[in-house]
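Trainee: Just passing along the structure, written as structure tokens.
The values are calculated or read from the model by the stated rules, or taken from the named source; none is laboratory data. Values in this document were obtained by computation on a predicted structure and should not be read as measured data. For neighbour counting, all protein chains shown are included, and Cβ atoms are generated from backbone atoms with ideal geometry for every residue, glycine included.
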Amino acid sequence: MASTYVNDLRLEEIGTGDQSGSWGTTTNTNLELISEAFSYGSEAIADASTHTITLADGASDEARSFYLKCTGGGQACTVTIAPNTLSKVWIIENATSYTLTFSQGTGANVAVLASQVKMIATDGAGGGAVVYDLLTDVNLAGTTVYNALNDGTTTLTSTVAELNILDGVTATAAELNILDGVTATAAELNILDGVTSTAAELNILDGVTSTTAELNILDGVTSTTAELNILDGVTSTAAELNLLDGVTSTTAELNILDGVTSTAAEINLVDGITAGTIAASKAVIVDSNKDITGYRNLTSTGTITAATNVTVSSDIRLKSNIETIDSALDKVKEMRGVYFDRHDDEATRAVGVIAQEMQEVMPEVVVTDDTEDKHLSVAYGNLVGVLIEAVKELSDKVEELEDR
């Protein structure tokens with residue numbers, strides 16, 4: 001059987017009965033070629049649109065080198081690595097003045113720009129072989145030291161001091177260059193660190209001359225119509241608040257933004273409806289007919305009082321999987337009614353249940369809010385169904401006793 005060179009380094013694999021008396025020489029050559037695969041070498045690229053690098057069989061070849069410097073050239077060139085069954089890793093330095101695109105088959109290629117270095121790999125998959133860019137999406141854990149960065153167009157030379165703006169170390173005015181690419185003054189840093197700011201500092205936000213009054217919208221100080229400039233960069237009127245809710249607004253509606261006492265009209269900012277008159281001591285949301293409409297959730301930290309009725313939609317057309325509550329009397333017997341004092345209103349003695357206890361008996365009536373503390377509340381009205389069935393069960397027991 002004749003020798004073959006089918007391995008990825010094109011080493012001679014001696015066939016049975018071959019190389020009589022030359023095994024030592026061939027083996028030494030193979031060892032030298034393995035060493036060559038970890039070395040530095042170069043390849044002269046032709047001044048043409050295509051160039052083929054064919055790794056030699058069983059003989060020294062600089063193209064076998066792990067680090068391969070490509071020289072020469074004269075135009076953009078597609079470099080084909082052969083044979084297409086060769087699977088290997090290279091670090092390619094493009095020392096030409098043009099882009100070199102490395103290919104092996106019909107699969108993906110990798111372009112190495114002039115004066116750049118890339119690590120590539122061929123998969124040796126034959127006609128459909130792929131060339132991979134091995135340093136795409138690299139995770140550089142630990143400390144990475146660099147002299148300059150390049151975005152493909154411009155070299156971005158940085159100093160260590162410029163990183164201060166990221167980690168809270170004392171920064172210099174020059175560090176702002178990393179944000180906007182222009183010379184900055186120390187005063188501009190005020191808008192970032194809460195130091196007293198000047199009107200000029202707003203330029204970092206919208207690029208136009210600003211007034212001190214415009215800062216009010218940032219820090220909750222009483223605001224003027226002019227402050228709306230921060231939204232669109234031009235002189236604004238109160239009507240421009242329509243950008244928020246799509247309806248005609250008044251200047252008073254700004255109160256809802258900065259925590260000042262609000263009027264009913266201000267509610268327009270939230271729900272886009274004309275609000276009715278409200279009493280100074282109340283907090284309600286109404287439309288032109290003084291009805292609450294379109295709200296899915298209403299949260300109150302005080303007492304909610306209704307002049308007539310509070311109802312909950314219970315139409316059978318809105319329900320499915322309806323079942324009569326069983327063992328209702330047993331469930332009621334497991335419930336505990338309590339007196340208690342609320343931490344936020346200790347002056348008023350209250351009566352009710354404990355939500356955590358109700359979770360164990362009737363979890364369907366316990367609701368968890370979306371606050372960080374995940375407070376629980378009880379839908380007391382929903383307990384009526386349980387009480388109805390409990391009374392019916394108790395009534396049946398009384399009738400049984402009477403029949404005896």
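Trainee: With S35, S49 as the choices, which residue is in the same structural domain as A82 (by TED's automatic domain parsing) and under 30 Å from S97 (Cβ atoms)?
Mentor: Every option except S49 fails the conditions.
Trainee: Any idea which residue in the range 360-403 is surrounded by the most Cβ atoms within 10 Å (Cβ to Cβ), counting only those that are closer than 26 Å to N309 by Cα and of a type in the set (G, A, S)?
Mentor: The residue in question is A390.
Trainee: Looking at (1) buried (at least 17 other Cβ atoms within 10 Å of the Cβ); (2) charged (D, E, K, R); (3) assigned to a loop (DSSP other than H, G, I, E, B), which is the only condition E93 fails?
Mentor: E93 satisfies every listed condition except (3).
Trainee: Tally up the residues in the range 106-150 that are small (G, A, S), surrounded by 10 or more Cβ atoms within 10 Å (Cβ to Cβ) and assigned to a loop (DSSP other than H, G, I, E, B), please.
Mentor: Number of matching residues: 7.
Trainee: Next question. If I ask for residues that are over 51 Å from the mean Cα position of the chain (by Cα), in a helix (DSSP H, G or I) and among the aliphatic types (A, V, I, L, M), which ones from the range 1-34 would you list?
Mentor: Result: L31, single match.
Trainee: Residue check: is I14 under 24 Å from L134 (Cβ atoms) and of a type in the set (V, I, T)?
Mentor: So I14 fails the test.
Trainee: Within the range 339-392, can you find the residues that are more than 30 Å from T324 (Cβ to Cβ) and in contact (Cβ under 8 Å) with a residue 40 or more places away in the chain?
Mentor: Within the range 339-392, D344, D369 qualify.
Trainee: Go through the range 35-56 and count every residue that is part of a helix (DSSP H, G or I) and surrounded by 13 or more Cβ atoms within 10 Å (Cβ to Cβ).
Mentor: Looking only at that region, the number is 1.
Trainee: I've got another one for you. Across the range 303-351, what is the number of residues that are at pLDDT 90 or above, exposed (fewer than 10 other Cβ atoms within 10 Å of the Cβ), of a type in the set (A, V, I, L, M) and assigned to a strand (DSSP E or B)?
Mentor: Summing the residues that are at pLDDT 90 or above, exposed (fewer than 10 other Cβ atoms within 10 Å of the Cβ), of a type in the set (A, V, I, L, M) and assigned to a strand (DSSP E or B) in the range 303-351 gives 1.
Trainee: Can you tell me how many residues within the range 15-53 are touching a helix residue (DSSP H, G or I) at 6+ places or on another chain (Cβ under 7 Å), small (G, A, S) and modelled with pLDDT under 95?
Mentor: Selection size over the range 15-53: 1.
Trainee: Filter the range 315-330 down to residues that are within 46 Å of the chain's Cα centre (by Cα) and under 20 Å from V391 (Cβ atoms), then give me how many there are.
Mentor: Within the range 315-330, residues that are within 46 Å of the chain's Cα centre (by Cα) and under 20 Å from V391 (Cβ atoms) number 3.
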